[in-house]
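I have placed the structure first, in the form of structure tokens, so that the comments after it can refer back to it.
The values are calculated or read from the model by the stated rules, or taken from the named source; none is laboratory data. No experiment lies behind these values; they were computed from the predicted model shown. Cβ: placed from backbone, ideal geometry, glycine included. Neighbour counts: every protein chain shown. We work out accessible area using only protein heavy atoms, side chains counted, and drop any ligands, DNA or RNA first. Shrake-Rupley method; radii C 1.70, N 1.55, O 1.52, S 1.80 Å.
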Amino acid sequence: MSSVALLCRRSNCLSNALNSCRKLSVPPTTTAKPTTARQITTFVAWSQRHYTRSFLGYKNMDSPPDVFRGVVDRFQGVTVDCKAQAVQIADKTQFQQMLQKSLDFWRANNNRAIWFRVYRDQSEWVPILTEAGFDFHHARVGVVTMYLWLPRHEESNLPSYAHTLLGVGGLVINDQNEVLVVSDKYAIAKNICKLPGGYVEPGENFIDSAVREVFEETGIRTEFRSMVCLRHSHGGNFGCSDIYIVIGLKPLNLDIKRCEREIESASWMPLAEYLENPLVLEGSRSFVRTYLDYQKRGLDFTCHNLVHQVLKKEYQLYYVDPQKDEKQQVPKL
């Protein structure tokens, strides 16, 4: 059975549960591509919200005053946020003494993984933690998280940090059967025509990311039409794996205003030309063929917003719905 045919099998339970189709667009007030400073500010703000949410499932740990204050997770691990400490650490000597007392307390309490979140202005504490056996788990802008596995007779089963980068490509086709294409200014292969797109930012949904990237690179505002497909590869930036998600979008305007910083050229290309143009990679042509095939067969690879019954947080479910949206017109070649 083909992957498309498999996706088309409907579940009665699924169709009853999914009830709010997602239609997204970029607001007119959206600005040009953000600067590095803005990206960092957004990243830090998201990180703070993320950490706050993650603590909601934890509980504060009762500990003596000379032990670092932390929160306990369901695995009996302890997370210490160095900025959240009530005790002011005067110098490295005090930190080292308090760390040793804390480790003794946590071992006696049968705690398992100890996590320390150390910020840039506390970087002098990093060598002390490494000397005590802590290792680096991951780092973000302005903060590094270190860990120590305490059980001596139990192998560590701690998860590795995120190892896959997420990228999106916006497949935008207008009513004249033209596809929006760009050529990157710093492309590996010069003049190659590709779909506008880029990396998904922290805390950003796939569709929001595709809509944003298309607008930033071309000035074209869009709304969600359909998921198309994804590509998975290894050996990407920073040694990470890479997932590239192609999302079909409907244009809300046609006048292109390319991002001169990153985009060498941007244009509307007729579909027939796109499928034959030697400057379009075969993988990119397959994205369009897949999308056209979905439309021809009346398949809607849609997205619904749902709320997790236990965690009470929103998530997005992507699935193929054979009920075609009558408002969408099948492009003809």
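Which value, in Å³ per residue, describes the convex hull spanned by the Cα atoms of region 149-216?
153 Å³
Show the residues, 5+ positions off or on another chain, whose built amide H is closer than 5 Å to the amide H of residue 172.
180, 249
At what distance in nm do the modelled label points of residue 59 and residue 91 sit from each other, each positioned 7 Å from its Cα along Cα→Cβ?
3.9 nm
Taking amide H positions as placed 1.01 Å from N in the peptide plane, with prolines and chain starts having none, which residues 5 or more places from residue 137, or on another chain, fall under 5 Å of its amide H?
Here the answer is 145, 146, 147, since their amide H atoms fall under 5 Å of that of residue 137.
Could you calculate the FRET efficiency of residue 128 with residue 74 from 1/(1 + (r/R0)^6), where r is the beta carbon distance between them and R0 is 45 Å, rounded to 0.05?
About 0.95, to the nearest 0.05.
Sort 244-255, 113-124 for me by packing, meaning the mean count of neighbouring Cβ atoms within 10 Å per residue, highest on top.
Most protected by this proxy first, the peptides run 244-255, 113-124.
Once you place label points 7 Å from the Cα toward the Cβ at residue 313 and residue 98, how far apart are they in nm?
Those two pseudo-labels are separated by 2.9 nm.
Heads up, I need the accessible area for residue 137: 1.4 angstrom probe, whole protein in place, Å², nearest 10.
For residue 137, solvent-accessible area is about 50 Å².
Are there GluC sites (Glu not before Pro) in region 261-305 that DSSP marks as loop and that have at most 11 other Cβ atoms within 10 Å, and which are they?
Those satisfying the criteria are 276.
Return the ratio Rg/(2.2 N^0.38 Å) for region 253-306, where Rg is computed over Cα atoms only.
Scaled against compact globular proteins, the figure is 1.48.
Under the Karplus relation 6.51 cos²θ - 1.76 cosθ + 1.60, θ = phi - 60°, what is the ordered set of whole-Hz ³J(HN,Hα) values for region 281-298, x standing for Gly and Pro?
5, 4, x, 5, 5, 5, 4, 5, 4, 4, 4, 5, 5, 4, 5, 4, 8, x
Roughly how many nanometres apart are two label points built 7 Å out from the Cα toward the Cβ at residue 152 and residue 285?
Label-label distance for residue 152 and residue 285, simple model: 6.5 nm.
Set the bar at 26 Å for Cα to Cα. Now go through 257/313; 59/313; 194/257 and name every pair that lies beyond it.
257/313
Remind me, relative contact order of region 188-317 in percent, using alpha carbon pairs under 8 angstrom and six or more residues apart?
Reported as a whole number, the value is 23 percent.
Taking every pair of alpha-carbon atoms in region 92-173, give the share separated by more than 15 Å as a whole percent.
65 percent
Could you give the length gained by full extension between residue 162 and residue 277, i.e. 0.36 nm per residue of separation minus their alpha carbon distance, to one decimal place?
37.7 nm
So, how do all the Cα-to-Cα distances of region 86-139 break down into 10 Å bins, in percent, from 0 on up?
P(r) over region 86-139, rounded to whole percents: 20, 57, 22, 0.
Please compute P(r) over all alpha-carbon pairs of region 199-333, binned at 5 Å starting from zero, and give each bin as a whole-number percent.
All Cα pairs considered, the percentages come to 2, 8, 14, 19, 23, 17, 10, 4, 2, 1, 0.
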